[in-house]
1. Any chance you could run the full-extension gain for R66 through D240? It's 0.36 nm times the residue separation minus the Cα-Cα distance, nm to one decimal.
2. Shape verdict for the range 83-214, please, from the Cα gyration tensor: rounded (a/c under 1.5), prolate (a/b greater than b/c) or oblate.
3. Between A204 and S31, what length comes free when the chain is fully extended (0.36 nm per residue of separation minus the Cα-Cα distance, one decimal in nm)?
4. What is the sum of charges around Y206, taking Lys and Arg as +1, Asp and Glu as -1, for the other residues whose C-beta is under 12 Å from the C-beta of Y206?
5. For the residue pair K16 and V101, what label-to-label distance in nm results when each label sits 7 Å from Cα along the Cα-to-beta-carbon direction?
6. So which cysteines of the chain have no other cysteine's Cβ under 4.7 Å from theirs?
7. FRET efficiency for V79 and A266, Cβ-Cβ distance as r, R0 = 45 Å, nearest 0.05?
8. What is the angle, in °, between the Cα long axis of helix 108-121 and the longest principal axis of the Cα atoms in the chain? Nearest 10 is fine, range 0 to 90.
Amino acid sequence: MTCEYKKQLRDYLEEKLPPEAAAALEAHLASCPECQAELDRLAEGEAALNLLREPLEVPDEVVVGRIKARRAGLRRITVYGVLGFLLGLFSRFYTRDPFIVTKALMALPYKLAQFGLEPFFKKNVLPPRRWLPQGVSGGMGFFPYNPLLDFLATLFTPALVAAFGAMVIGYLVSDRRVFLRRGVVRFLAGAAVVFLLWTGVLGALYAQTEARIARLDGIQEITVWAVEEGGGARWLARLDRDAFRQPPYDQLLAGLQAARPAGPQAYPEGRAGLELMLSFAGGGRIPAHVDPETRKMVLFNGTGYQLSPETIALLGKPGEVKAK
Ligand SMILES: [Zn+2]
């Protein structure tokens, strides 16, 4: 009569059994000589295959002890990783912490995240001297025309970094001898892949935002100010989706999308004209300057457009409408 646990022994040695099944098997092993003998046989085979210079007689307790230690270690590393991730979510609040110890510790994932993202997104950062409406450039400033994306990058990248760091600590405080080098290498490679995927997703979403902005496609709100020469701005109107549904503003979006690209231009900062804040569906947002006389519109990223007289007239209207 063959013991029914015998079938599980190979999976157990290869650590493919779920934790509950492994624990049940361990309890059974203590009282079943048949399974003990089989485990010895399999463990010797494994040792020979791995070319380990261990004695061929591996006591069951050693094999079982090693597998138990590894399981406990993996559990610890997982818990550390989850806790690290949760703590990392708060990292961005500590960059200006007056208390140096918590600042150094808690802000570290944020700083490392910034350092890690920089090679990919540095070109997105706007020069600091430039005036920016509030909220356009977010925490790290890597996605200036998509504050939502910048917020997500600022929130989750430090969490990923902190989770990785905590898992490494979890590994270091565990019995490291029980971990296979293969597993460690796989973990490090996995962490690198996760980080690259994350930056890839951020980059792709931002490229999409930039493309939408360049096409002036998906505008869902426009705020209009009148700017006087040398500064001083007067709020004119906020045109939202409701406004765009009825005349005369139903023509405005069509007019903007039909605008003729006029190549890169310097943003006419502080020049008289209209200042717009274009908000796009999906999180994009960018300031634009309109010169009613030359009918030139320049986005904050330097993209120029030539608007039709009808479109200019519509943009000039909000003030009159509101005044009535
Ligand atoms: Zn048995």
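1. Working: separation 174, 0.36 × 174 = 62.64 nm, distance 6.48 nm.
Contour length minus Cα-Cα distance gives 56.2 nm.
2. On the way: a/c = 3.14, a/b = 1.59, b/c = 1.98.
It comes out oblate by the Cα gyration axes.
3. Values: separation 173, 0.36 × 173 = 62.28 nm, distance 5.83 nm.
Separation in residues times 0.36 nm, less the Cα-Cα distance, equals 56.5 nm.
4. Numbers: positive: K123, R212; negative: D150, E210.
Net charge in that neighbourhood comes out at 0.
5. Label at K16, label at V101, 4.9 nm between them.
6. Among the cysteines of the chain, those whose Cβ sits 4.7 Å or more from every other are C3.
7. Details: r = 54 Å, r/R0 = 1.20.
Efficiency at R0 = 45 Å is approximately 0.25.
8. The two axes meet at around 60 degrees.
Read the figures in this text as sums done on the coordinates, not as results from a lab. These numbers come from a predicted model, not from an experiment. Because the Cβ atoms are built from the backbone with ideal geometry, glycine has one as well, and the counts that use them run over all protein chains shown.
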